[in-house]
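Visitor: Before I ask anything, let me first share the structure, which is written out below as structure tokens.
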Amino acid sequence: MRSLTVFTGSSHGHDPAHARAVRRLGALLGRRGITVVYGGGNVGLMGVLADAALGAGGEVHGVMPQGLVDREIAHPGLTRLDVVADMHERKRRMAELGDGFLAMPGGAGTLEELFEVWTWQHLGLHRKPVALFDVGGFWQPLLAMVDHMVEAGFLTPPRRER
């Protein structure tokens, strides 16, 4: 794997364990020479991720819509920042750039990005791995819902495991 697309929050959340985990991940990816692909922000866990990867000598490739760049949310020290027209183009570009996808703790945007790449995987639009980093049980309620989808017949067990 040469690059990993990471979805995570634009805020820090209440639990400092989330920032610690994101920081460790960013540093590990940086040390291993795996390019971090993410939303390009300098705020919240997104900024923690970028700073940690850059601080470990890694490359960080951000993708951000012009509207957010105009609001000065873009991280100023990235290896590369692709400025795109909108959120749809952002997600498409992040999907192209990453060899896999990892969701860290985050909010609605993180969920939306996760579900889109997982759905694309189900539809055969890509064969890249999609994973959750379950910091402190953060993803357990979602996994319970996914299990419920299997039990209700809306999701097959093999697709759940992917």
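The values are calculated or read from the model by the stated rules, or taken from the named source; none is laboratory data. Being a predicted model, the structure only gives us computed values, none of them experimental. Reconstructed Cβ throughout: ideal geometry from the backbone, glycine too, with neighbour counts over all protein chains shown. The protein model used for the area step is the full one, side chains on, heavy atoms only, and it has no ligands, DNA or RNA in it. Shrake-Rupley method; radii C 1.70, N 1.55, O 1.52, S 1.80 Å.
Visitor: Taking amide H positions as placed 1.01 Å from N in the peptide plane, with prolines and chain starts having none, which residues 5 or more places from T79, or on another chain, fall under 5 Å of its amide H?
Guide: Under 5 Å from the amide H of T79: V60.
Visitor: Okay, next question. May I ask you to order 44-50, 69-75, 140-146 by the average number of other C-beta atoms within 10 Å around their residues, highest value first?
Guide: For the peptides 44-50, 69-75, 140-146, the packing ranking is 44-50, 69-75, 140-146.
Visitor: In Å², and per residue, what accessible area does the stretch 82-162 have when probed at 1.4 Å with the other protein chains present?
Guide: Here the per-residue accessible area is 57 Å².
Visitor: With the Cα gyration tensor of the stretch 113-160 giving a ≥ b ≥ c as the square roots of its eigenvalues, does the rule (a/c under 1.5 for rounded; else a/b larger than b/c for prolate; else oblate) give rounded, prolate or oblate?
Guide: It comes out oblate by the Cα gyration axes.
Visitor: Name the trypsin sites (Lys or Arg not before Pro) in the stretch 1-51 that are in a loop by DSSP and that have at most 14 other C-beta atoms within 10 Å, would you?
Guide: Counting only loop positions with at most 14 other Cβ atoms within 10 Å, the trypsin sites (Lys or Arg not before Pro) in the stretch 1-51 are R2, R32.
Visitor: Roughly how tilted is helix 108-122, in degrees to the nearest 10 and between 0 and 90, from the longest Cα axis of the chain?
Guide: That helix lies at roughly 60 degrees to the long axis.
Visitor: Positive end of the dipole of the stretch 75-162, charges at C-beta (+1 Lys, Arg; -1 Asp, Glu), about the Cα centre: which of Q121, L132, G153 has its Cα farthest in that direction?
Guide: Ranked along the dipole, the leading option is Q121.
Visitor: Now a separate question. Please work out how much length the chain gains when fully extended from S11 to R159, using 0.36 nm per residue of separation minus the C-alpha to C-alpha distance, in nm with one decimal.
Guide: The span from S11 to R159 would gain 50.3 nm if fully extended.
Visitor: On a 0 to 90° scale, report how tilted helix 44-55 is relative to the longest principal axis of the chain, with both axes built from alpha carbons and the result rounded to the nearest 10.
Guide: 60
Visitor: What accessible area per residue, rounded to a whole number of Å², is obtained for the stretch 1-54 using a probe radius of 1.4 Å?
Guide: 44
Visitor: Tell me the carbon and sulfur percent of the accessible area for the stretch 46-140, rounded to whole percent, probe radius 1.4 Å.
Guide: That fraction is 55 percent.
Visitor: Tell me the angle of helix 87-97 to the major Cα principal axis of the chain, expressed in degrees between 0 and 90 and rounded to the nearest ten.
Guide: Value to nearest ten degrees: 90.
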